[in-house]
Every structure is written in structure tokens, then in C-alpha cells.
1. I'm trying to understand the selection: among the residues of the stretch 56-97, which are out of contact with any Pro (no Cβ under 9 Å at 6 or more places or on another chain) and either touching a residue at least 60 places away in the same chain (Cβ under 8 Å) or part of a loop (DSSP other than H, G, I, E, B) (or both)?
2. Checking SER59 against (1) modelled with pLDDT of 90 or more; (2) open to solvent by less than 90 Å² (accessible area, probe 1.4 Å); (3) under 30 Å from the mean Cα position of the chain (by Cα): exactly one of these is not met. Which one?
3. Does the stretch 64-123 hold any residues that are under 15 Å from GLN53 (Cα atoms), among the small types (Gly, Ala, Ser) and surrounded by fewer than 20 Cβ atoms within 10 Å (Cβ to Cβ), and which are they?
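The values are calculated or read from the model by the stated rules, or taken from the named source; none is laboratory data. Keep in mind the model is a prediction, meaning the values are calculated, not measured. Cβ placement follows ideal geometry from the backbone for every residue including glycine, while neighbour counts extend to all protein chains displayed. Ligands, DNA and RNA are excluded from the accessible area calculation, which covers all protein heavy atoms including side chains. Shrake-Rupley method; radii C 1.70, N 1.55, O 1.52, S 1.80 Å.
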Amino acid sequence: MLEKIKAFMGYGDEDDYEEYDEYYGEEDNRALQARPIQRETPVQEPKREIAHQVVVMKSNQFDDSSVVVDHLREGHTVVLNLQHTPVDLSRRMIDFISGAAYARDGHISQIAAGTFLIAPYNVDLEEEGKGRRYF
């Protein structure tokens, strides 16, 4: 019964393979079988290197001043929003951050009411009407 099913499905004699070898040549058949299987390699996206990092912070406590200085030491630019911070605390924070920026050859600049830009030495800023300024 199995032979009848094979014959019906086209899995008959071994003569079919011999005819193939005679037609294409046995060497061609071996060459086809000897080919290595080529597998697709996944495409990897190139890693993006961050040229410069800008950190945006909103603060209302003095302990955040040391976080700003840590970012500055790592070479990051920090935009610090102190709009909702009491005036006396804002002054203390700006004094502390300014001293650290000076020690690291960086600078601090007020860019809006209660908002400051703290940048390392290698960042330049061009202010409208004042020209290019290096921090």
C-alpha cells in the first residue's frame, strides 16, 4: 500500500535520480550539494556617539547644586530652571555653581528669568547682539 501512495505522489523509482545525473552530469550534482549554505546576517545599526549632552534640571533644593556640578565635571551642559525656587536659595545655589564652573574653566549665563545655562570650557555660545562667547 505504501508503494502505491509513493507512486501516486511521484516518489517512485530511483531511476528519476539517475536520469537527472545523466542529463546534468554527476559532477554538477555534486557541486550543488557541496555548496555551503549562506545565512543572512542581521544588519546592525551603527552606534551613535553622543557628541555633547545637555541636561535640563528643575530644582528647589540646595542639594541639587552638587548634581549640577557633577554634570559639569562630566563635560555636560546644564540648563537649570530656578523659577519656583526662593530667591535666597537661588542665590546660594548660583554662588556655589558659579564657583565650581570657574574652577573648571566653565561659565554660567542667565538665559531667561530664573533659568541659567552652565557649560564646560569647550562649549561656545553666540548671544544675539553680543557675538560669539566661549564658555
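1. Hits for the stretch 56-97 are SER59, GLN61, PHE62, ASP63, LEU82, GLN83, HIS84, THR85, PRO86.
2. Every listed condition holds for SER59 apart from (1).
3. GLY75
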